[in-house]
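Undergrad: Structure in structure tokens, see below.
The values are calculated or read from the model by the stated rules, or taken from the named source; none is laboratory data. Everything quoted here is computed from the prediction, not taken from an experiment. Backbone-built Cβ (ideal geometry, glycine too); neighbour counts: all protein chains shown. Please note that ligands, DNA and RNA were not included when accessible areas were found on the heavy atoms of the full protein model with its side chains. Shrake-Rupley method; radii C 1.70, N 1.55, O 1.52, S 1.80 Å.
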Amino acid sequence: YLSPHLTAWNTASAESARRDARLGRAGTTIAVAAVDFAAVLRDHGVPRYMKIDIEGMDRVCLDALATVAARPRYLSIEAPTDGGLAAIAEEIDQLVALGYDAFQIVGQGEIHRRREPDPAREGRATGRAYKVGGSGPFGADLPPGDWRDRDATVAGYRLPVAEELLVGPGRWPTRHRVGRAALARLGRAIDRHVPGWYDTHARHRDTAP
């Protein structure tokens, strides 16, 4: 499903395409060849870190991980804040079933304020600044004290879910000029994107803290 507005909204998820259509951004469809992700893992191995952000098809990757013996030590997946806390809990429970027991909530709109540790704990320090829209640090480079368990992570998503409900795509403030202007002023006042999107970072239980 090709978006007429942003390539970042292209998706292979029919449900995501229907949501986009309701928001007035329906696009066109094309047929493409598919690659089975479980086969990719078997052929090329399991990475140390896996970043998942594929517009509505994210949990297909988690399903594939259940078919292989090894697991990435770390992974991140876009949080479905538009689905409410129930969707968040369901996604995290799938991670728990795969052996992940420590999590961090990372607001992608705040990535530009993060700094890599020096010396780096993952590979070598680059000295490069993170940009809004980027993935930011992962794994051991995340703040060591910010890891939390399943219940605390679900609870921590209450505010992001409320933000999505109040001012997410398709809500009144984002559909009208006055509302967008108010959000822009609010964003400048508190130095953050309102609302942002969030990644859940997960650490496997076999990974030493």
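Undergrad: Looking at (1) touching an Asp or Glu at 6+ places or on another chain (Cβ under 8 Å); (2) at positive phi, can you tell me which one PRO137 breaks?
TA: (2)
Undergrad: Of the numbered conditions (1) under 30 Å from ALA69 (Cβ atoms); (2) open to solvent by less than 80 Å² (accessible area, probe 1.4 Å); (3) not aromatic (Phe, Trp, Tyr), GLY24 fails exactly one; give the number of that condition.
TA: With (1) under 30 Å from ALA69 (Cβ atoms); (2) open to solvent by less than 80 Å² (accessible area, probe 1.4 Å); (3) not aromatic (Phe, Trp, Tyr) applied to GLY24, the lone miss is (1).
Undergrad: So, one more: In this structure, does GLY99 turn out to be at pLDDT 90 or above and at positive phi?
TA: In short, yes.
Undergrad: When residues of the range 151-163 are filtered for being more than 16 Å from the chain's Cα centre (by Cα) and open to solvent by 60 Å² or more (accessible area, probe 1.4 Å), how many remain?
TA: 1
Undergrad: Does GLY134 satisfy the condition of being among the small types (Gly, Ala, Ser) and more than 20 Å from ILE52 (Cα to Cα)?
TA: no
Undergrad: Look through ILE54, ILE105 and report the one residue that is open to solvent by less than 50 Å² (accessible area, probe 1.4 Å), aliphatic (A, V, I, L, M) and closer than 27 Å to GLY156 by Cβ.
TA: So the residue among ILE54, ILE105 that is open to solvent by less than 50 Å² (accessible area, probe 1.4 Å), aliphatic (A, V, I, L, M) and closer than 27 Å to GLY156 by Cβ is ILE105.
Undergrad: Is it true that some residue in the range 23-31 is more than 21 Å from PRO4 (Cα to Cα) and aliphatic (A, V, I, L, M)?
TA: Checking the range 23-31: not a single residue is more than 21 Å from PRO4 (Cα to Cα) and aliphatic (A, V, I, L, M).
Undergrad: State yes or no: is GLY196 over 19 Å from GLY99 (Cβ atoms) and either surrounded by fewer than 17 Cβ atoms within 10 Å (Cβ to Cβ) or at pLDDT below 55 (or both)?
TA: no
Undergrad: Another question, if that's okay. Of all residues in the range 1-25, how many are among the β-branched types (Val, Ile, Thr) and at pLDDT 75 or above?
TA: Number of matching residues: 1.
Undergrad: Failed condition for GLY84, given (1) in contact (Cβ under 8 Å) with a residue 24 or more places away in the chain; (2) out of contact with any strand residue (DSSP E or B) (no Cβ under 9 Å at 6 or more places or on another chain); (3) closer than 17 Å to ASP53 by Cα, with all others met?
TA: (3)
Undergrad: Which residue pairs have Cβ atoms under 7 Å apart, sit 6 or more places apart or on different chains, and have a first residue in the range 118-144 that is surrounded by fewer than 11 Cβ atoms within 10 Å (Cβ to Cβ) and a second that is modelled with pLDDT of 85 or more and in a loop (DSSP other than H, G, I, E, B)?
TA: The qualifying pairs are ASP118/ALA125; PRO119/ALA125; THR126/GLU116.
Undergrad: Looking for something surrounded by fewer than 18 Cβ atoms within 10 Å (Cβ to Cβ) and closer than 22 Å to GLY156 by Cβ - is there at least one such residue anywhere in the range 60-81?
TA: no
Undergrad: If you check every pair at least six apart or on different chains, which have Cβ atoms under 7 Å apart with a residue in the range 150-173 that is among the charged types (D, E, K, R) first and a residue that is at pLDDT 90 or above and part of a helix (DSSP H, G or I) second?
TA: Matching pairs, first to second residue: ARG150/ILE92; ARG150/VAL96; ARG158/LEU85.
Undergrad: Can you tell me which residue in the range 30-51 is least open to solvent (accessible area, probe 1.4 Å), limited to those that are under 23 Å from TRP147 (Cα atoms) and not basic (Lys, Arg)?
TA: MET50
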